[in-house]
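Heads up: the structure comes next, in C-alpha cells.
The values are calculated or read from the model by the stated rules, or taken from the named source; none is laboratory data. This one's a predicted model, so the numbers in the text were calculated from it and none came from an experiment. All Cβ positions, even for glycine, are placed from backbone atoms using ideal geometry, and neighbour counts span all protein chains on display. Accessible surface is based on the protein model in full, side chains and every heavy atom, while ligands, DNA and RNA are left aside. Shrake-Rupley method; radii C 1.70, N 1.55, O 1.52, S 1.80 Å.
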Amino acid sequence: MSQPYDDQNVFAKILRGEMPCYKLYEDDETFAFMDIMPRADGHCLVIPKKPPRNILDVDPDSLAAVMRTVQKLSRAVVKAFSADGITVQQFNERAGGQVVFHLHVHVLPRHEGVSLRPHTGEMADKASLESNAEKIRAALA
C-alpha cells in the first residue's frame, strides 16, 4: 500500500535547511513551522525528524514524539490567538488527502462561528506568516 519515502519532498528539504520556513519549535525528534498556505491564522505543522512517509510506516516512538509536540503547539496557538478550540488534522496517502509525503500533523486554532479558509494552494503573505509565527514563539516561551 505505502510507497517508499522520497527524500526530495519539501519537508525533507526544510529539515536539511535546503528550503526556508517559519520555524516555531524544534527538539531532538520533531520540528514545527508555519503552514505557508494557512486555512486559519496560526495554522502550523509538526513533523518528525526521522523520515516516515506517513502514519502507516512511522515507528511508534517517533509518532509519540510528534504528538507531544502537537500538544505543545496546540496549547501555544490557543494562547497566541485566544482560540476557542483546535483542529488537528493528519492525512495519509493520496486517497486520504496527503499531499506532501513526509508524516505531518496540522494544528489549526479555531474560533466559534469562523470556518476554515479553503485550501487554495496560494501562499499567505510573508508579513502575516512572520507575525503569526512570532505570536506562537512568544506563547511557547
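Annotations for the structure displayed:
- Inverse of mean 1/r across different Cα pairs in region 1-118, Kirkwood, Å: 14.6
- Heavy-atom accessible area, probed at 1.4 angstrom with all protein chains present, ranks Arg110, Arg16, Arg75, Arg53 as Arg75, Arg16, Arg110, Arg53, highest first.
- Think of each Lys and Arg Cβ as +1 and each Asp and Glu Cβ as -1; about the Cα centre, that makes the dipole of region 73-132 roughly 120 debye.
- Solvent-accessible surface of the chain, averaged per residue with a 1.4 angstrom probe and all protein chains in place: 55 square angstrom.
- The chain: angle of helix 60-81 to the longest principal axis, Cα-based, in degrees nearest 10: 10
- Computed from the C-beta positions of Arg94 and Ala64, the FRET efficiency with R₀ = 41 Å rounds to 0.95.
- Spatially near lysine pairs across the chain, Cα under 27 Å, sequence gap of 8 or more or different chains: 22
- Solvent-accessible area of region 16-80 (1.4 angstrom probe, protein heavy atoms only): carbon and sulfur portion equals 54 percent.
- Only Lys, Arg, Asp and Glu carry charge here, each on its Cβ (+1 for the first two, -1 for the last two); on that basis the chain has a dipole of about 240 debye about its Cα centre.
- Counting charges near Asp61 (Lys, Arg +1; Asp, Glu -1) among other residues having Cβ under 14 Å from its Cβ returns a value of -2.
- Placing R0 at 25 angstrom, the Cβ-Cβ distance between Ala141 and Thr87 gives a FRET efficiency of 0.55 after rounding to 0.05.
- With K and R counted +1 and D and E -1, the other residues having a Cβ less than 11 Å from that of Gln3 yield a net charge of -1.
- Between helix 126-140 and the chain: long-axis angle, C-alpha atoms, 0 to 90°, nearest 10: 90
- Distance between modelled label sites at Gln3 and Glu134, nm, 7 Å Cα→Cβ extension: 3.9
- Quotient of C-alpha Rg and 2.2 N^0.38 Å, computed over region 56-141: 1.20
- Heavy-atom SASA rank of His102, His111 (probe 1.4 Å, accessible area, largest first): His111, His102
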